[in-house]
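Please read the structure below before turning to the comments.
The values are calculated or read from the model by the stated rules, or taken from the named source; none is laboratory data. Only a predicted model underlies this, so the values are computations on that prediction, with no experimental measurement involved. Neighbour counts are summed over all protein chains in view; Cβ atoms, including those assigned to glycine, are modelled from backbone coordinates with ideal geometry.
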Amino acid sequence: MEYDDQLERALAESPDIESTGSRFEVPDPNVRPEGNMTVFENFQSVVDKLDRDESDVLKFLQTELGTSGQIDESGRARLTGDFRRDRVARAVEEYTEAFVLCPECGLPDTRLVDEREATMLKCDACGALSSMGQ
């Protein structure tokens with residue numbers, strides 16, 4: 001049998017695998033107004049998916065949204081002011097791009113490491129060591 005015939009037979013016999021999208025999907029923020037606050041209901045599940053410290057994520061959100069906030073006993077973020085879901089989602093996306101996804105390979109298999117008095121993004125997938133932009 002020739003190579004092309006073998007390849008064709010192998011492809012015909014292999015199962016079809018449908019892509020379900022990226023293996024890394026950050027949950028959409030679930031936000032609701034409460035008085036003069038915006039409650040980010042699923043903050044803890046977003047932080048868990050990002051695999052970052054909740055105080056770092058909250059600090060970034062506060063800076064991006066120009067507000068103050070805190071994490072309540074239920075793990076929800078309470079942000080001062082009225083913020084729509086799409087604005088909070090954009091801030092979470094910006095955090096993900098800057099502090100989670102590897103700029104070299106695009107994978108989320110990263111961790112923050114201290115290197116020569118600077119915090120760097122170390123990718124466990126491709127080995128890249130990158131400075132983080134904010």
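Restricting to the stretch 27-62, count the residues that are touching a residue at least 40 places away in the same chain (Cβ under 8 Å), in a helix (DSSP H, G or I) and surrounded by fewer than 18 Cβ atoms within 10 Å (Cβ to Cβ).
1
Within the stretch 101-109, identify whether any single residue is exposed (fewer than 12 other Cβ atoms within 10 Å of the Cβ) and either part of a helix (DSSP H, G or I) or not aromatic (Phe, Trp, Tyr) (or both), and answer yes or no. It would help to see each step written out before you state the result.
If we filter the stretch 101-109 for residues that are exposed (fewer than 12 other Cβ atoms within 10 Å of the Cβ), which is where we start, we get none.
Within the stretch 101-109 (the criterion being exposed (fewer than 12 other Cβ atoms within 10 Å of the Cβ) and either part of a helix (DSSP H, G or I) or not aromatic (Phe, Trp, Tyr) (or both)), the answer is no, since none of the residues qualifies.
Take the residues of the stretch 10-28 that are of a type in the set (Gly, Ala, Ser) and at pLDDT below 75: which is nearest to the chain's Cα centre (by Cα)?
Checked the stretch 10-28; the qualifying residue nearest to the chain's Cα centre (by Cα) is 22.
Looking at the stretch 80-113, which of its residues are on the phi > 0 side of the Ramachandran plot and outside the structural domain of residue 33 (by TED's automatic domain parsing)?
So the first thing to find is which residues in the stretch 80-113 are on the phi > 0 side of the Ramachandran plot, and the list is 81, 106.
Passing the criteria: only 106.
Going by what's in this entry, would residue 73 be described as loosely packed, with under 15 Cβ neighbours inside 10 Å, of a type outside the set (Ser, Thr, Tyr), closer than 15 Å to residue 132 by Cβ and free of Cβ contacts under 8 Å to residues at least 24 places away in the same chain? Even if it seems obvious, please write down each step before you answer.
Numbers: loosely packed, with under 15 Cβ neighbours inside 10 Å: yes; of a type outside the set (Ser, Thr, Tyr): yes; closer than 15 Å to residue 132 by Cβ: no; free of Cβ contacts under 8 Å to residues at least 24 places away in the same chain: yes.
Considered against the rule, which asks whether it is loosely packed, with under 15 Cβ neighbours inside 10 Å, of a type outside the set (Ser, Thr, Tyr), closer than 15 Å to residue 132 by Cβ and free of Cβ contacts under 8 Å to residues at least 24 places away in the same chain, residue 73 comes out as no.
Confirm whether residue 97 is out of contact with any Phe, Trp or Tyr (no Cβ under 9 Å at 6 or more places or on another chain) and under 20 Å from residue 26 (Cα atoms). Talk me through it step by step, then tell me what you get.
Numbers: out of contact with any Phe, Trp or Tyr (no Cβ under 9 Å at 6 or more places or on another chain): yes; under 20 Å from residue 26 (Cα atoms): yes.
The answer is yes for residue 97.
Based on this model, can you work out whether residue 112 counts as touching a Gly at 6+ places or on another chain (Cβ under 8 Å) and either assigned to a strand (DSSP E or B) or crowded, with 16+ Cβ neighbours inside 10 Å (or both)? So that I can check it myself, show each step before the final result.
On the way: touching a Gly at 6+ places or on another chain (Cβ under 8 Å): no; either assigned to a strand (DSSP E or B) or crowded, with 16+ Cβ neighbours inside 10 Å (or both): yes.
So residue 112 does not fit the description; no.
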